[in-house]
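Shown next, in structure tokens, is the structure this report addresses.
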Ligand SMILES: Nc1ncnc2c1ncn2[C@@H]1O[C@H](COP(=O)(O)OP(=O)(O)OP(=O)(O)O)[C@@H](O)[C@H]1O
Ligand SMILES: [Mg+2]
């Protein structure tokens, strides 16, 4: 063994000992007495897994997998060539067709999951405008979702306004909320922004939770109407409620597609490029005459609009809203989606929401491990794949990646 | 008057706890310019270690004072190891990445640890052995519980010890030097990795003590108990000027006081909101805090 | 003297910031007891050379040898205890440490308290103003005082080899005189080997035994200091004639 290898295994030994010291007290010290079985069994699993990973890493370093490199490279090159030959519009059409046909091919349960995924896609894309495009870390994004949801909930319950009318109203309210939150915070430096938006998110939740006369507090708002529509039947138009899962699926699919198109256009618009300039080098952007504060405010407002739209739909779909749906964990979840998928990348965000919302449904038995795994994955991703699963193409080196 | 005095007593107790947690934020921010989101979880882990150790020691029949002292020391050691592990695994490999990456990694660790606590300790409140410290006395109409006396004295001892360590010892000077200029401190022979590790360890030990005392004070702990106090303590650190150790102590005390008085005189439902509003107002109107911040590189 | 083994030797050292090479294959030798100056225009790579020696910048190729060991790739914090100390460009005083604490940091790796105190007193003798300002924060000192403090801090490490980066920068002539007197003193009395990077080529060469001339990352000339001082090309380019 080389010195480096033995150092690596020594590190492994220390790390595993350390891990045991951290694990055992949590599981093994009980008032009834000390216990080792459970912690040792977990520890062993982790130790073996880590040893295997380390061994594989060593083999790779030693060049044992070099014989695999050529075939895999060839395969990925072939895949790239194939992808390049299929026109983009064709691939998009195929995806769209699948999305349209989805309810006919699947069961109720799958519709339910798909609706959640689409809601999160809108949220993810909205947050992506703020984080990915403008480079502003927002940890209270779910507040806009909440504003949208409560706007529709209250308007629907108290004034019987229709979903379609409330959609733009809620979007406006969210945008205003975005500006109110954005204005005092955007002058702050980046990492303070994170904690302040987190604080704002909590403020919104606490206010919703305590403003009994308006929001009915923790009990939530009941009796929210589904989206309505006029349907031609027996020679006249008749008002119906679109409340089956399929109908809701198509509504959210439409909203999600609109969002995708909007964000796509934004990405390649003049404003999108200005965002990029601000993200890459704020000082330079300012010198070139970009009004950075206004631009950031715009990013906030636009992100908020998508949040509000998603929220409106959420309220209509659940027919019930309560503050519990708008906790920090939800903000973290949306952020995790964006980060996992690839900041600034539309397909990345879609992939991210599939991974975070749909995958756990597949592994239902592991429900309780979901956030645990996400947290870990988020940290690991930052180390090994900071640009996400499907990185944005246009993103150059970020100005903050100095040193 | 009695009410005011009572609030003062409660405010000092709470403020001391916030000060202990705020120190970890401020020291870590001072040295690597990172908002260590996982710090609140270290505090929660401290609270749990307190329950675990005190229950066990108590069951072995040790007197309360020994239970408390031993649990405090052991748990502080545990949290120091935990925080050092977090730093080594999730922050150190990112030392040369963008600050957004580290921030997200920290957020990930926070979620990871919080759920790790939930998985190992359960979703429900876990109670401290109730009969540990009871009773109190009255001063001019205000009730001071023995628990409050313990909290305030432990806090004072820890704050004094930290001050001695940071301002009087060789290692403390090296910590400050590293926070001020990492390249130069390397050029005089200071191993910055080790100093950073140590900073995390010290911050964690203090947060752990705070977690235990809060657990004892309220009688129970919960896996997500670190989240809100974490933000408040960070607000305290910002209020005092981030990177500034004395500032964090004063900021903690102020935030504790403000919270208790706001809850007492304005509205207890909205008490958490005040801390956040102060955070935002401070950052907006005096971003360097009341004591001035000790951070050289403030770019993101 | 030149038959000795060098205390410091750079063999073909290249260092880069990102993709831009700041020095391109620098070779130089420094013998024990010498004062060697490195001169060159702004951006020639002088500071980069020193930083590559002290390990703050990792050379992308080439070797750095110090006192018989290869030291490139070593962490910078391992070098002071081996007797290699640097006063970097811009002095880099710890701004919120007191003058005395700054000096203590210079002796961070040392455990011999009595000797440390002795050295501290000696620094105070060399620079009496520092004794006066002992309790003041380093950041509040004047430029000249900061330069003295930076020198004093480096001396607290009892260096065998001292790297000085532009000790005269921005200082009044009288202070410059004083700084250079100290440099000669520690070289002659304590036998400290000195590598001196200077804009002020005249002054530097007058205090050195040999000199290297750097241009855009390359050594373009090396010679005895006296010879460089009278070299017409050098006089034209660096001595302002
Ligand atoms: N941190 C850095 N990042 C990128 N390039 C750098 C950095 N530091 C120096 N350089 C570049 O490397 C080259 C050499 O710089 P260096 O500081 O070594 O010059 P110097 O000879 O010390 O100049 P001066 O006399 O002005 O101090 C310069 O072209 C400079 O622009
Ligand atoms: Mg220079």
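The values are calculated or read from the model by the stated rules, or taken from the named source; none is laboratory data. None of the values given here were measured: they were computed from a predicted structure. Positions of Cβ are backbone-derived with ideal geometry, glycine not excepted, and every protein chain shown enters the neighbour counts.
Has segment A:67-85 got any residue that is assigned to a helix (DSSP H, G or I) and in contact (Cβ under 8 Å) with a residue 24 or more places away in the chain? No, there is no match, as no residue in segment A:67-85 is assigned to a helix (DSSP H, G or I) and in contact (Cβ under 8 Å) with a residue 24 or more places away in the chain. Within segment A:9-42, if we keep just the residues that are in contact with a helix residue (DSSP H, G or I) (Cβ under 7 Å, 6 or more places away or on another chain) and over 30 Å from residue B:61 (Cα atoms), the residue that is nearest to the other protein chains (Cβ to nearest Cβ) turns out to be A:42.
Yes/no matrix, rows are residues, columns are (1) within 14 Å of chain C (Cβ to nearest Cβ); (2) within 22 Å of the chain's Cα centre (by Cα):
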| position | (1), (2) |
| --- | --- |
| B:152 | no, yes |
| B:157 | no, yes |
| B:160 | no, yes |
| B:173 | yes, yes |
| B:183 | yes, no |
| B:188 | yes, no |
| B:194 | yes, yes |
| B:201 | no, yes |
| B:206 | no, yes |
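On the basis of being away from ligand 1 (no atom under 16 Å from the Cβ) and closer than 27 Å to residue C:111 by Cβ, does residue C:149 make the cut? In short, yes. The sole residue among B:51, B:28 that is crowded, with 22+ Cβ neighbours inside 10 Å, more than 8 Å from every other protein chain (Cβ to nearest Cβ) and touching a strand residue (DSSP E or B) at 6+ places or on another chain (Cβ under 8 Å) is B:51. Consider residue C:69 carefully, then state whether it is away from every other protein chain (no Cβ under 13 Å), free of Cβ contacts under 8 Å to residues at least 60 places away in the same chain, away from ligand 1 (no atom under 16 Å from the Cβ) and exposed (fewer than 15 other Cβ atoms within 10 Å of the Cβ). For residue C:69, the condition - away from every other protein chain (no Cβ under 13 Å), free of Cβ contacts under 8 Å to residues at least 60 places away in the same chain, away from ligand 1 (no atom under 16 Å from the Cβ) and exposed (fewer than 15 other Cβ atoms within 10 Å of the Cβ) - is met. Restricting B:136, B:61, B:116, B:141 to those that are more than 30 Å from residue A:372 (Cα to Cα) and without any contact (Cβ under 8 Å) to a residue 12 or more places away in the chain reduces the list to B:61. Name the single residue that is farthest from residue A:210 (Cα to Cα) among those in segment A:320-330 being at the interface with chain B (Cβ under 10 Å from one of its Cβ atoms) and part of a helix (DSSP H, G or I). For segment A:320-330, the residue satisfying everything is A:329.
The set of residues in segment B:69-85 being more than 16 Å from the chain's Cα centre (by Cα) and either under 10 Å from residue B:207 (Cα atoms) or away from chain A (no Cβ under 11 Å) (or both) consists of B:69, B:70. Looking for something buried (at least 24 other Cβ atoms within 10 Å of the Cβ), within 8 Å of chain A (Cβ to nearest Cβ) and part of a helix (DSSP H, G or I) - is there at least one such residue anywhere in segment B:59-68? No - not one qualifying residue is present in segment B:59-68. Being more than 13 Å from every other protein chain (Cβ to nearest Cβ), within 28 Å of residue A:224 (Cα to Cα) and part of a helix (DSSP H, G or I) is a condition met by at least one residue of segment A:333-356.
Cβ-Cβ contacts under 8 Å between residues 6 or more apart (or on different chains), taken from a first residue in segment C:38-64 that is more than 21 Å from residue C:234 (Cβ to Cβ) and in contact (Cβ under 8 Å) with a residue 60 or more places away in the chain to a second residue that is more than 12 Å from ligand 2 (Cβ to nearest atom) and in a helix (DSSP H, G or I), are listed as C:54/B:187; C:54/C:76. Here residue C:236 passes the criteria (1) more than 23 Å from residue C:103 (Cα to Cα); (2) at pLDDT 90 or above; (3) over 15 Å from the mean Cα position of the chain (by Cα) except the one numbered (2). Among the residues making up segment C:22-55, those that are within 16 Å of ligand 2 (Cβ to nearest atom) and surrounded by fewer than 18 Cβ atoms within 10 Å (Cβ to Cβ) are C:41, C:42, C:43.
Of the residues making up segment A:139-159, those that are touching a strand residue (DSSP E or B) at 6+ places or on another chain (Cβ under 8 Å) and surrounded by fewer than 24 Cβ atoms within 10 Å (Cβ to Cβ) are A:154, A:157. Does at least one position in segment B:266-283 carry a residue that is more than 10 Å from chain A (Cβ to nearest Cβ), in contact (Cβ under 8 Å) with a residue 60 or more places away in the chain and surrounded by fewer than 17 Cβ atoms within 10 Å (Cβ to Cβ)? Checked against the condition, which is being more than 10 Å from chain A (Cβ to nearest Cβ), in contact (Cβ under 8 Å) with a residue 60 or more places away in the chain and surrounded by fewer than 17 Cβ atoms within 10 Å (Cβ to Cβ), segment B:266-283 yields no hits at all. Of the helices (runs of 4 or more DSSP H) lying entirely inside segment C:83-191, those containing at least 3 residues that are more than 14 Å from every other protein chain (Cβ to nearest Cβ) span C:113-126, C:128-132, C:143-155, C:173-188. Name the residues in segment C:55-66 that are away from ligand 1 (no atom under 14 Å from the Cβ) and more than 14 Å from every other protein chain (Cβ to nearest Cβ), would you? Once the filter is applied, which keeps residues that are away from ligand 1 (no atom under 14 Å from the Cβ) and more than 14 Å from every other protein chain (Cβ to nearest Cβ), segment C:55-66 yields C:61, C:62, C:63, C:64, C:65, C:66.
Quickly run through segment C:39-54 and pick out the residues that are more than 6 Å from ligand 1 (Cβ to nearest atom) and more than 14 Å from every other protein chain (Cβ to nearest Cβ). Of everything in segment C:39-54, those that are more than 6 Å from ligand 1 (Cβ to nearest atom) and more than 14 Å from every other protein chain (Cβ to nearest Cβ) turn out to be C:39, C:41, C:49. Among the helices (runs of 4 or more DSSP H) contained in segment B:111-193, which hold 1 or more residues that are touching a strand residue (DSSP E or B) at 6+ places or on another chain (Cβ under 7 Å) and within 30 Å of residue C:92 (Cβ to Cβ)? Per the criteria, B:182-187. Which residue is nearest to ligand 2 (Cβ to nearest atom), if the candidates are limited to segment C:59-75 and must be in contact with a helix residue (DSSP H, G or I) (Cβ under 8 Å, 6 or more places away or on another chain) and farther than 23 Å from residue C:191 by Cα? Restricting to residues being in contact with a helix residue (DSSP H, G or I) (Cβ under 8 Å, 6 or more places away or on another chain) and farther than 23 Å from residue C:191 by Cα, the top hit is C:59.
Scanning segment A:203-253 for residues that are in a strand (DSSP E or B), surrounded by fewer than 16 Cβ atoms within 10 Å (Cβ to Cβ) and without any contact (Cβ under 8 Å) to a residue 40 or more places away in the chain yields a count of 10. Restricting to segment C:203-220, and then to whatever is within 15 Å of ligand 1 (Cβ to nearest atom), in contact with a helix residue (DSSP H, G or I) (Cβ under 7 Å, 6 or more places away or on another chain) and assigned to a strand (DSSP E or B), can you tell me which residue is nearest to residue C:192 (Cα to Cα)? By that ranking, first place goes to C:211. When the test is whether a residue is away from ligand 1 (no atom under 15 Å from the Cβ), without any contact (Cβ under 8 Å) to a residue 60 or more places away in the chain and within 30 Å of residue B:173 (Cα to Cα), residue C:140 passes it.
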